[in-house]
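The structure appears right after this line, and notes come after that.
We did not get these values from a lab; they are worked out from the coordinates using the rules stated. The structure displayed is predicted, hence computed values, not measured ones. Glycine gets a Cβ as well: all are built from the backbone with ideal geometry, and neighbour counts include every protein chain shown.
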Amino acid sequence: MANNTRTVSSLDEVNVVLQEMGINTIAGADQVEFRLHEQTSLQNAMNLKAKVRPGRRGFKLLNPELLECKFKAMLKVQESFETMLETCMAECDLQMLPLEVQIAHLNQLLLSTDAQIAHVGPPREERNRGVQQNIYPNPPFPEDPSFGLAHGNLRVPYQPAFATNEEMDAAIYRDKRAQRAFWRTNLRLLEIKKSVLEKKKIELERSLRAEFRQVIQEQSDLGVGYANFTI
């Protein structure tokens, strides 16, 4: 056997060596032997692994243990990646599920008639009642006006409630409008949140897959020896 050893990091590099040496038949298998580069990427190691098996004839691989470590690392890294990706997607779905329930509930509430919307606030007959309120612009009033007492040391009067049915009905109608406006506001915010989370899920999956491809394609110490792959 010729003592001609070449270090390679991919199956393509093996083929380049054979072409350079003009080896194109099995008879030339004893003219060169190969050593796998320690920094070989996991992807290249997998491709090379497909062409390596026990035998007496062929181009000898001097460090098969390294290839086995690279092969095992590839399997473990891929397994860890798939588990991480599945977990991340499940976490995104867990965030989305309650949002979808809330959005569906709000859409249903917005279909409610005025009669179906529960009454909130003071009784109809007491609407607009309360302590009389005034506006004190400066000027003509001083910066800190005396608004607690009127002339003659009289207390501030109470505001009378609405006197007509039309005024009371209009107040109740405003309540319904206010309730719908609150529901619509929440719906808008939840839909924005849902949209952002959907985009986040897509971007997260895209980024993780891109990083995984880079990890297995770049030269590194992954699989250069035995390692504990549990976290």
task: Take the stretch 104-186, compute every pairwise Cα distance, and split them into 10 Å bins from 0; I just need the percent in each bin.
output: 14, 30, 23, 21, 10, 1
message: Could you list Ser9, Ser207, Ser41 so that the one with the fewest beta carbons within 10 Å of its beta carbon is first and the one with the most is last?
response: Ser207, Ser9, Ser41
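Which number comes out as Rg/Rh for the stretch 5-62 once both Rg and the Kirkwood Rh are worked out on C-alpha atoms? List each step's numbers first, then the result.
Numbers: Rg = 11.0 Å, Rh = 11.7 Å.
Expressed as Rg/Rh, it is 0.94.
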- prompt: Which of the lysines could be linked to Lys70 by a straight reach, that is with a Cα gap under 22 Å, when you skip same-chain ones fewer than 8 residues away?
  reply: Lys49, Lys51, Lys60
- prompt: Among all the aspartates and glutamates, which ones have a C-alpha under 18 Å from Lys72's C-alpha, if same-chain residues fewer than 8 places away are not counted?
  reply: Glu38, Glu82, Glu218, Asp221
- request: Treat the count of other C-beta atoms within 10 Å as a stand-in for reagent exposure and order His105, His119, His37 from fewest to most.
  value: His119, His105, His37
- line: Given all pairs of distinct Cα atoms, the stretch 43-161 yields a Kirkwood Rh in Å of 24.0 Å
- prompt: Amide H to amide H, which residues 5 or more places from Thr7 or on other chains are under 5 Å from it, using H placed in the peptide plane?
  reply: Arg35
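How high is the relative contact order of the stretch 73-217, given as a whole-number percent (alpha carbon pairs under 8 Å, six or more residues apart)? Could you put the intermediate results ahead of the total?
Working: 74 pairs, mean separation 55.1, N = 145.
Relative contact order for the stretch 73-217 comes out at 38 percent.
Mind checking which helices in the chain clear 27 Å along their axis (Cα) and have mean Kyte-Doolittle hydropathy of -1.0 or more, DSSP H runs only? Walk me through the numbers on the way to the answer.
Values: long enough: 64-109 (68 Å, 0.16); 165-217 (78 Å, -0.89).
The answer, listed by residue number, is 64-109, 165-217.
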task: For the stretch 1-58 and the stretch 98-143, compute the distance between their C-alpha centroids and round to whole Å.
output: 80 Å
Solvent-free Debye scattering, log10 I(q)/I(0), computed from the Cα coordinates of the stretch 151-231 at q = 0.15, 0.17 Å⁻¹: -0.86, -0.92
Value at 222 nm in deg cm²/dmol, rounded to 500, when DSSP H runs of n ≥ 4 in the chain each add -39,500 (n - 2.57): -18500 deg cm²/dmol
task: Check cross-link reach from Lys76 to the aspartates and glutamates: straight Cα distance under 13 Å, and skip same-chain residues fewer than eight apart.
output: Glu68
task: Express as a percent, rounded to the nearest 5, the fraction of DSSP beta bridges in the chain (both residues included) that run antiparallel.
output: 40 percent
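May I have the convex hull volume per residue, in Å³, for the Cα set of the chain? Kindly include the intermediate steps, with their values, before the conclusion.
Values: hull volume 65.6 nm³, N = 231.
Spelled out: Cα convex hull of the chain, divided by residues, is 284 Å³.
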